[in-house]
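Read the structure below first, then the notes.
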Ligand SMILES: [Fe+2]
């Protein structure tokens, strides 16, 4: 069906909005399916109040007392989850006292703060701030933080995450796969427990089984094949932008499964900056096919104030989000030419549910932050 139209509208999405209107992209399948642009007389986020469970949520994950911060043998603290993925938090200061294998999920560790080493079946990965560490389901591993706390956002996925296909951008954008780091071999064994044994914890259907060995079970001396753990640092991502058009967030895709898409927002020239008619801030939408989670890693965040590194927002399917009134106002007298933010977005197909870490850290007034009288 070719585009239909009624009333006042713009022929080009995200450009030359009719005077005094607020543009919403009402779309299916994220930003890829059938879509219409609605030109509203008011910002759809300027509600008076919300009654009921469906509301934008924000969490200050720095407030979460992650179980492994005190007890290095504790499980990770879950924050949000559904049948396809769980988002968890680790705030580790001491080495894992055992090797760990997750038989339920592929794991993506995002290193928000800290550095250290991760021993894996494929060798040893050295990690630092801004790294994604991607482990195939079943990979045995053990984390040895160095220095201060390793603050890790962990995504446990029931399906193997894949790098985005080359598509029209070619195979070297937004990062050349040669920037992916593989674990190194040889490496030395981890220390045994107090009685001289090496413990392996296997998690299956959420339950732990403990296997004890007279040697370190992470003892690979070599390997070959097309399945491995690997690391990617956000600094090696070179984002696609346009001076004349606000691109959808999906151009920043880093990993995906059929249950979620993970995107990374990295420092970039502000979109739309070369064309007065082009919008520079994200358009409003009700994200009807994805729950949107954004974890703020570093820098200053473009679409809103009052959100700092270590915080996370969750915009559930069906209720609007978009730039705050203050961010819109700020955009009118724009002097900035670049965004310096780094953020991790997880768009989940099925509705997410808040778990223990979310309950500990919710910023209750977040849903009111679009009201025009709230100052940033
Ligand atoms: Fe969004």
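Answer yes or no: is there a residue in the stretch 110-118 that is over 27 Å from residue 60 (Cβ atoms) and in contact (Cβ under 8 Å) with a residue 24 or more places away in the chain. Yes, some residue in the stretch 110-118 is over 27 Å from residue 60 (Cβ atoms) and in contact (Cβ under 8 Å) with a residue 24 or more places away in the chain.
In summary, residue 318 fulfils each of the numbered conditions (1) more than 16 Å from the ligand (Cβ to nearest atom); (2) modelled with pLDDT of 95 or more; (3) surrounded by fewer than 18 Cβ atoms within 10 Å (Cβ to Cβ) with the single exception of condition (1). When each of 291, 226, 308 is tested for being away from the ligand (no atom under 16 Å from the Cβ) and touching a strand residue (DSSP E or B) at 6+ places or on another chain (Cβ under 9 Å), the lone residue that passes is 308.
Mind listing whichever residues of the stretch 257-278 are within 16 Å of the ligand (Cβ to nearest atom) and over 20 Å from residue 340 (Cβ atoms)? 260, 261, 262, listed by residue number. For the stretch 246-264, how many residues are under 20 Å from residue 172 (Cβ atoms) and not in a loop (DSSP other than H, G, I, E, B)? Matching residues across the stretch 246-264 total 10.
The values are calculated or read from the model by the stated rules, or taken from the named source; none is laboratory data. From a predicted model like this one, the values you see are computed outputs, not experimental measurements. Quick reminder, even Gly has a Cβ in these numbers, built from the backbone with ideal geometry, and neighbours come from all protein chains shown.
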